[in-house]
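Working notes, structure below.
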Amino acid sequence: MIPNRHLLATLLALVAANAQAQETADELVTPLPPATEMPLAEVLEPPIETVPLEAAPAGDAAATGSPSTNATVNLIAALVAKGILTQAEALALIAQAERDAINAQAQLQAVAAPPVDPAGQRIAYIPEVVRREMRDEIQQELMAQARAENWGGAPEADWTSRVIPFGDFRVRSENLFFDSLNDNTGAFPDFNAINRGAPFDTTGNVFSPQFNVDEDRHRTRVRARAGAEILLGQGFNGGFRVATGDNNSPTSTNQTLGAQGGNFSKYAIWLDRAFLSYDAGPGDGEELVFLLGRFDNPFFNTEVQWDDDLGFDGLAVRGRVCLRENMHLFGAAGVFPVFNTDLNFASNQPSKFESEDKWLYGAQLGIDWKIDDDWSAKIGLSYYDFNNIEGRLSSPFVPLGANDAGDTDATRPGFAQRGNTYFPIRNIIPTAANNFGTINQFQYYGLATPFRNVTLTGRVNYDGIESYRLSALAEITKNVAFDRSALAANAVNNRGTDPDGAGPLLAGYDGGDMAWNVAFQFGRPKLESFGDWMVSAGYRYVESDSVVDGFTDSDFGGGGTNVRGFHLGGFLALTPHVRAGIKWMSSDEIAGPPLKSDILQLDLNAKF
């Protein structure tokens, strides 16, 4: 018997790949001229000479290395030379082959003489081309069986079958239009630019960094993302993705062409996803998945709560169980580090400051219900607690230069868009060193309110129109930690205006804590072939401190909160992997000075 299945698989592979082995296989069935007939016994009799077992150790190629006229023996000798077989295993194979040949000859001798017709003519034999086809089919079946049954004892799948690559590419033409009545007197400071750079001297004679609110702009942007899912087995998976981006913004992977200095400079690639997961669920539509690292949003939501590009860092669990036929209970929960204090904070002094770590704790529970063949619905209730995300007033001190640090500088946001309410977090003492508060007022700004959101999200689908789907999506959220009276005392933005239109009224805070939106989609559920289309429309109302502006939609109104308005859009499939899109967004500021903007986006998306 062959020592193990690996040897058989190796033999089969050599026969399939080696030209000499192919010629030998042809010799196993003696070809006949078209008009020639032979007795059946002659065709079945092996044309290769058998090697007596007792002679093999002395003269066989497997033992001596000298060539043999027997192709099978030469194949075994080659396996010995390559170290795949030992000499003892080779001799055992030859012995087994010899016994099988003797048994076959004995069976043939027991068969009656070839049948003849009354005229004494022998029976015709199968043509050579048919015999070759039969041989090839048998060889292919054996090879397929060897792979399917893992005869060689190798791993069931190599790395190429465990790694699933994916990616997409988008080109976008974006036009931004601003209303001529927008306030361009310095009413829209860019707190993100201030907080990510040197502190701003409020007593200086220059403006702080400001948002553009009066000059129309056009930009061409690209987005490229590529990654892979890795099947690790036993319920474990991994994955990673890299992406483009103007910077390390958590809400956008767009790269503006000509940015970062222009002149065809190269652009950065960022690590966008990197995670491990474990699925402990039973399957059949139920799951219990644990996620660790940086992964996709585990919650059911709209882009008002979380931007579509946002990745979550930390640990999360996502579950789904069947309540009854066509109804599932789903949920998610997680702990996510929003900010981790620098190891050496503050870096410019020997005595370090206390850590100011920030965390997000989130949980969601909902129902996913397939009502009937036409209707389905999904609804989820969520709670998000942003621990320590608000700014905190520092201990009293006197900064003599832009490099002097306050002990609560780390409470300012590491990233922001615009819309949230801010307050100065440095408690600067007026002394003779700063001319009693008239110079050297180097300031950073923190969020003026904590954030704890209760969010209700729902979606209803109607599939009663052949091949088309009508969907309605809605979300409402409230920041239950919002305290209007506390903000009114120290907010530096989102102030109201004089009822008579005379200008800003610094005494009146005009922000809010609620956000809601509704959207409708109609078209093909999936854009899979040329001509498939989908259109959408929606309206949103997002007050200043309803959600953290750094994590909400980065497109509408230029990104952030304190906006209201509508959008219209649609997509058209050009191929199964390419589609074109258009979107128009119109927004107004809710609180504070007037700011109106419109944005037109034209997209071409490719997915692979």
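The values are calculated or read from the model by the stated rules, or taken from the named source; none is laboratory data. Remember, predicted model here, so these are calculated numbers, not experimental data. A quick note on method: Cβ atoms are made from the backbone with ideal geometry, for glycine too, and the neighbour counts reach across all protein chains shown. These area figures cover heavy atoms from the full protein model, side chains too; ligands, DNA and RNA do not enter into them. Shrake-Rupley method; radii C 1.70, N 1.55, O 1.52, S 1.80 Å.
Here are the numbers:
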{"quantity": "Close pairs (6 angstrom Cβ cut-off, 6 or more residues apart or separate chains): over 22 Å from Asp545 (Cα atoms) in the stretch 295-315, open to solvent by 30 Å² or more (accessible area, probe 1.4 Å) anywhere", "calculated": "Phe295/Phe275; Pro298/Arg318; Asp313/Arg294; Asp313/Pro337; Gly314/Val335; Gly314/Pro337; Leu315/Leu292; Leu315/Val335"}
{"quantity": "Scope the stretch 220-257; condition assigned to a loop (DSSP other than H, G, I, E, B) and crowded, with 18+ Cβ neighbours inside 10 Å; matching residues", "calculated": "Thr244, Gly245, Ser249, Pro250, Thr251, Ser252, Thr253, Asn254"}
{"quantity": "Selection status of Phe482, part of a loop (DSSP other than H, G, I, E, B) and either open to solvent by less than 20 Å² (accessible area, probe 1.4 Å) or within 23 Å of Asp404 (Cβ to Cβ) (or both)", "calculated": "no"}
{"quantity": "Residue list for the stretch 166-219, restricted to those being closer than 26 Å to Thr411 by Cβ, among the charged types (D, E, K, R) and either touching a Leu at 6+ places or on another chain (Cβ under 9 Å) or open to solvent by 50 Å² or more (accessible area, probe 1.4 Å) (or both)", "calculated": "Arg196"}
{"quantity": "Extreme residue, modelled with the highest pLDDT, among residues of the stretch 323-352 that are assigned to a strand (DSSP E or B) and open to solvent by 80 Å² or more (accessible area, probe 1.4 Å)", "calculated": "Leu323"}
{"quantity": "Subset of the stretch 566-576 [closer than 14 Å to Leu600 by Cα and small (Gly, Ala, Ser)]", "calculated": "Gly569, Gly570"}
{"quantity": "The stretch 171-209, residues that are touching a Pro at 6+ places or on another chain (Cβ under 8 Å) and aliphatic (A, V, I, L, M)", "calculated": "Leu181, Ala187, Ala193, Ile194"}
{"quantity": "Elements of type strands (runs of 3 or more DSSP E) contained in the stretch 551-608, each with 1 or more residues being of a type in the set (Ser, Thr, Tyr) and without any contact (Cβ under 8 Å) to a residue 24 or more places away in the chain", "calculated": "578-589"}
{"quantity": "Hits in the stretch 405-430 - residues which are free of Cβ contacts under 8 Å to residues at least 40 places away in the same chain and either open to solvent by less than 40 Å² (accessible area, probe 1.4 Å) or within 45 Å of the chain's Cα centre (by Cα) (or both)", "calculated": "Gly406, Ile425, Asn427, Ile428"}
{"quantity": "Those residues of the stretch 268-300 which are part of a loop (DSSP other than H, G, I, E, B) and either among the hydroxyl-bearing types (Ser, Thr, Tyr) or open to solvent by 30 Å² or more (accessible area, probe 1.4 Å) (or both), in sequence order", "calculated": "Ala268, Ile269, Ala280, Pro282, Asp284, Gly285, Asn297"}
